1. All but one of (1) away from the ligand (no atom under 16 Å from the Cβ); (2) in contact (Cβ under 8 Å) with a residue 12 or more places away in the chain; (3) at positive phi hold for Arg144; state the number of the condition that does not hold.
2. Go through Thr284, Thr266 for me and flag whichever is of a type in the set (Val, Ile, Thr) and loosely packed, with under 14 Cβ neighbours inside 10 Å.
3. Cβ-Cβ below 8 Å, separation at least six or inter-chain, first residue in region 221-245 and within 9 Å of Phe40 (Cα to Cα), second part of a loop (DSSP other than H, G, I, E, B) and charged (D, E, K, R): which pairs?
4. Considering only helices (runs of 4 or more DSSP H) fully contained in region 1-79, which possess at least 2 residues that are within 16 Å of the chain's Cα centre (by Cα)?
5. Among the strands (runs of 3 or more DSSP E) contained in region 263-318, which hold 1 or more residues that are basic (Lys, Arg) and away from the ligand (no atom under 16 Å from the Cβ)?
6. Among the candidates Glu43, Glu64, single out the residue that is surrounded by fewer than 18 Cβ atoms within 10 Å (Cβ to Cβ) and at negative phi.
7. Being within 16 Å of Asp17 (Cβ to Cβ), surrounded by fewer than 19 Cβ atoms within 10 Å (Cβ to Cβ) and among the small types (Gly, Ala, Ser) is the filter; apply it to region 216-236 and report the residue that is farthest from the ligand (Cβ to nearest atom).
8. Any idea how many residues of region 250-260 are in contact with a helix residue (DSSP H, G or I) (Cβ under 6 Å, 6 or more places away or on another chain) and more than 16 Å from the ligand (Cβ to nearest atom)?
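Please treat every number below as a calculation from the coordinates, not as lab data. Bear in mind that the values here come from a model prediction, so they are computed numbers and not experimental data. Every residue, glycine among them, receives a Cβ derived from its backbone with ideal geometry; neighbour counts consider all protein chains shown.
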Amino acid sequence: KANRGIALVDLDEDGVDRAFRADVLTGLRQQKKAIPARWFYDEEGSQLFEAITELDEYYPTRAETEILRARGNEFAELIGSGRAVIEFGSGSSVKTPLLLECIAPAAYVPLDISGEFLREAAAGLAAKFPGLPVHPVEADFMRRVALPAEVEALPKLGFFPGSTIGNMVPRTAVDLLRSMRATLGADEGECPMLLIGMDLVKEPAVLEAAYDDAQGVTAQFNLNVLARINRELGGTVPLDAFEHVAIWNDDFARIEMHLRAKRKLTFEVSGRPFAMDAGETIHTENSHKFTHRSANLLLQAGGWTPLQCWKDSEERFSVVLARA
Ligand code: AVJ
């Protein structure tokens with residue numbers, strides 16, 4: 001199959017990730033500077049994100065976990081047993097076992113672009129569920145992925161927790177939902193299903209606190225992308241001249257994270273010079289929030305029919321089941 005055995009990270013002769021450098025150089029040359037959020041997650045950034053999920057202010061992980069714990073019987077009834085569960089982004093979390101426990105799947109296929117995360121997650125899961133066939137696939141799930149032959153004949157359930165879909169602008173989110181449909185074989189065999197986490201619109205103050213915690217862990221997480229540029233791209237970015245900003249953009253229903261220059265400054269990345277004015281920002285993340293209706297609309301635009309939606313007891317987060 002096309003995906004197996006091919007390294008997905010393309011390094012140059014100096015061991016620099018070409019896609020990272022290209023995204024950073026292009027993003028910093030733009031009139032409105034931006035760096036894609038996917039570059040947060042190096043070793044350091046992934047650890048910081050784990051710490052974020054334990055903060056008092058950061059409710060999404062706890063709210064989604066509550067839903068997965070509480071609704072097992074309903075998942076079992078609507079999804080049935082014997083499906084191959086295809087997880088988009090391999091779950092290192094507690095969420096995956098909660099789902100697998102209640103629906104008795106026939107196989108588990110974690111998809112991730114990082115082979116390392118993937119092997120760890122797959123080994124952990126295989127140990128927890130002896131007898132469950134686990135087939136990790138190293139792949140970029142933004143595109144159609146060829147699944148292992150072993151699961152070809154099984155009905156599929158896609159699992160995409162965490163409201164990661166919220167990191168994408170609608171046109172990208174729709175592309176991803178359509179790729180998932182293709183990956184899950186919507187036009188062949190039994191109709192696939194999708195179980196997806198989507199965070200809900202709420203009080204801006206609650207959202208802004210979730211993305212700007214009192215301990216400053218999210219600030220560190222945001223600033224880490226600059227530290228990563230200095231580490232991996234020979235950057236000279238003065239970290240202490242930047243501050244973390246999290247603001248609710250009501251027109252686009254999203255929390256935006258930025259890094260704001262506290263003074264006029266200059267730096268280099270991979271030998272290229274950059275200058276910023278005091279107050280100018282680098283846009284580093286969007287985290288879109290949904291209503292029941294906007295979630296259904298996005299899913300439908302992506303080729304999915306919503307079947308059922310569950311919320312946590314405080315109605316902060318939703319998990320939606322859809323069919324192709
Ligand atoms: C991992 C994308 C779900 O948007 O809430 C947490 C990432 N950014 N705090 C989110 C994140 C800042 C998170 N997701």
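1. (3)
2. Details: Thr284 fails: loosely packed, with under 14 Cβ neighbours inside 10 Å.
Among Thr284, Thr266, only Thr266 is of a type in the set (Val, Ile, Thr) and loosely packed, with under 14 Cβ neighbours inside 10 Å.
3. Asn224/Asp42; Arg228/Asp42
4. Fully inside region 1-79 and qualifying: 43-52, 60-70.
5. In region 263-318, 272-276, 305-311 are the strands (runs of 3 or more DSSP E) which contain 1 or more residues that are basic (Lys, Arg) and away from the ligand (no atom under 16 Å from the Cβ).
6. The conditions single out Glu43.
7. Here the answer is Gly234.
8. 0
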